[in-house]
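Notes follow the structure.
The values are calculated or read from the model by the stated rules, or taken from the named source; none is laboratory data. Source: prediction; values computed, not measured. Note that each Cβ is placed from the backbone with ideal geometry, even for glycine, and that neighbours are counted across all protein chains shown.
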Amino acid sequence: MPIRDHRAIYIHCDGSMIHNTKSSGGIGYVIKFPDEFELEDISDYHGTFENANIERLELLALIKGMQGFMDWYKKFNLRLTSVTKIILITDRFYLQDEERTSPFKIRDWRKNGGKNHEGKEILNWDLLNTLDKTRTKLNQLTFKPVRIEYQRRKYNKEADKLSKRARKEGTPNKAIAIIGHKIGKRKYDGQDVIYRNLKPKETIDIHIFRKRPIKNQWQINAEITSGVALGRKIMIITDHELQERLQRGNLYCVKIKAVLTHHIEIYRTIRKLKK
């Protein structure tokens, strides 16, 4: 079990989605105070968000968790003298401060117009930007450090239940919808591929289930359909011309051109396979 700081305020956040044609999802959060305050937990949930993806839902959960705490704090003006920090909990590994939500990374991306050092568009930049600005507001309001930490799902069950409730009971809306987002039926239910196990010039067979534009690039989401990584999800970033040859619901054999931290690039010599 993770070691807890008993003088910190914890905000457990989670998002969940149904892999249907509308990519319906919900978010929830639970605020837990140090024992000395003798306060009950505060919880809330929001949904149903359509045409999003799981990372957008998880990011929105973190944002709503901070906003929910700020609204409560402004109303009751709780003295936080003994509080060491405010810790947001996510069960998505890549959204902790050591990964994509690092304030230093986000501010570097902001200086570069929402792009990384390679000049590539940052996925879900709009919400990452909002998250960083919301964190700054929370810090300025409370004068406490604000961290985002990862914990496994079994330690985040309360927020998980709220997010699932939200996706069922909420009013359908497109508040965080991805423009041009289309999703097809998946063949598997696998986790993300381990990118460090992939090699340039390696060929893989894939099934494409989602496509979305990111400014002047395209994100292709696929599943690996053969080999040791069978069923694993993989992300491909490509240009407009190549994405037109990669259609949802079809199978292809592609050759890896470059392996990056969270996606790959492929050569233009693709081969369509029989279903």
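Considering only segment 46-58, I want to know if a residue exists there that is of a type outside the set (Lys, Arg), over 22 Å from ARG210 (Cα atoms) and outside any strand (DSSP E or B).
no
If you check ASP189 against the conditions, is it loosely packed, with under 15 Cβ neighbours inside 10 Å, in the same structural domain as GLY65 (by TED's automatic domain parsing) and at pLDDT below 95?
For ASP189, the condition - loosely packed, with under 15 Cβ neighbours inside 10 Å, in the same structural domain as GLY65 (by TED's automatic domain parsing) and at pLDDT below 95 - is not met.
Among the residues that make up segment 251-259, is at least one of them exposed (fewer than 15 other Cβ atoms within 10 Å of the Cβ), closer than 23 Å to ARG100 by Cα and not basic (Lys, Arg)?
Scanning segment 251-259 turns up at least one residue that is exposed (fewer than 15 other Cβ atoms within 10 Å of the Cβ), closer than 23 Å to ARG100 by Cα and not basic (Lys, Arg).
Could you list, in sequence order, the residues of segment 18-74 that are at pLDDT below 90 and among the basic types (Lys, Arg)? Reasoning before the result, please.
Our first condition is that a residue be at pLDDT below 90; within segment 18-74, this holds for 18-24, 47, 50-54.
LYS22, the sole residue that qualifies.
Looking at LEU128, LEU123 in this structure, which one is aliphatic (A, V, I, L, M), closer than 17 Å to ILE63 by Cβ, touching a residue at least 40 places away in the same chain (Cβ under 8 Å) and part of a helix (DSSP H, G or I)? If you could, list the steps in order and put the result at the bottom.
Details: LEU123 fails: part of a helix (DSSP H, G or I).
The match here is LEU128.
Check off (1) buried (at least 17 other Cβ atoms within 10 Å of the Cβ); (2) in contact with a Gly (Cβ under 8 Å, 6 or more places away or on another chain) for THR90 and give me the number that stays unchecked.
Of (1) buried (at least 17 other Cβ atoms within 10 Å of the Cβ); (2) in contact with a Gly (Cβ under 8 Å, 6 or more places away or on another chain), only one is false for THR90: (2).
Name the one entry in ILE194, ILE220, ILE236, ILE214 that is touching a Ser or Thr at 6+ places or on another chain (Cβ under 7 Å) and under 22 Å from LEU95 (Cα atoms). Even if it seems obvious, please write down each step before you answer.
Numbers: ILE194 fails: touching a Ser or Thr at 6+ places or on another chain (Cβ under 7 Å); ILE236 fails: touching a Ser or Thr at 6+ places or on another chain (Cβ under 7 Å); ILE214 fails: touching a Ser or Thr at 6+ places or on another chain (Cβ under 7 Å).
Just a single option satisfies the conditions, and that option is ILE220.
Which residue, of GLU202, GLU169, is of a type outside the set (Gly, Ala, Ser) and over 23 Å from MET17 (Cα atoms)? Walk me through how you get there before you give the answer.
Numbers: GLU169 fails: over 23 Å from MET17 (Cα atoms).
Answer to the selection: GLU202.
Can you report the number of residues in segment 156-186 which are modelled with pLDDT of 85 or more, outside any loop (DSSP other than H, G, I, E, B) and within 16 Å of GLY25 (Cα to Cα)?
The total comes to 12.
Quick one: in segment 50-82, of everything that is surrounded by fewer than 18 Cβ atoms within 10 Å (Cβ to Cβ), among the polar types (S, T, N, Q) and touching a residue at least 40 places away in the same chain (Cβ under 8 Å), which residue is nearest to ILE178 (Cα to Cα)?
GLN67
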